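S.K.: Dropping a structure here in structure tokens format, bear with me for questions.
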Amino acid sequence: MMGGDRMTEKDLADMIKAEEKRLKLHDPEFLQRHREIMETADRMRRENKKCLCQTGPLTKAGNP
């Protein structure tokens, strides 16, 4: 990093580019894994919503 303690826009762009490369951000394997994670999160959200609906209405704290 140039310029002492200050990060320039170029420094930031270089850092982002290096991180994208490290993570293989545009690699088909990365994109496939991302899709799998998002699908799992969506499934868990749907299942959680079903569970909440099956337990009945939510009550306010202190009013069982």
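The values are calculated or read from the model by the stated rules, or taken from the named source; none is laboratory data. Every value quoted in this text rests on a predicted model; they were computed, and no experiment measured them. Neighbour counts run over all protein chains shown; Cβ positions are idealised from the backbone, glycine included.
S.K.: Scan the range 22-39 and report the pairs whose first residue is part of a loop (DSSP other than H, G, I, E, B) and whose second residue is at pLDDT below 95 and of a type in the set (D, E, K, R), with Cβ atoms within less than 9 Å and a gap of 6+ or a chain change.
M.R.: 26/20
S.K.: So is residue 1 surrounded by 10 or more Cβ atoms within 10 Å (Cβ to Cβ) and at pLDDT below 80 or not? Working first, answer last.
M.R.: On the way: surrounded by 10 or more Cβ atoms within 10 Å (Cβ to Cβ): yes; at pLDDT below 80: yes.
Judged against the criteria, residue 1 is a match.
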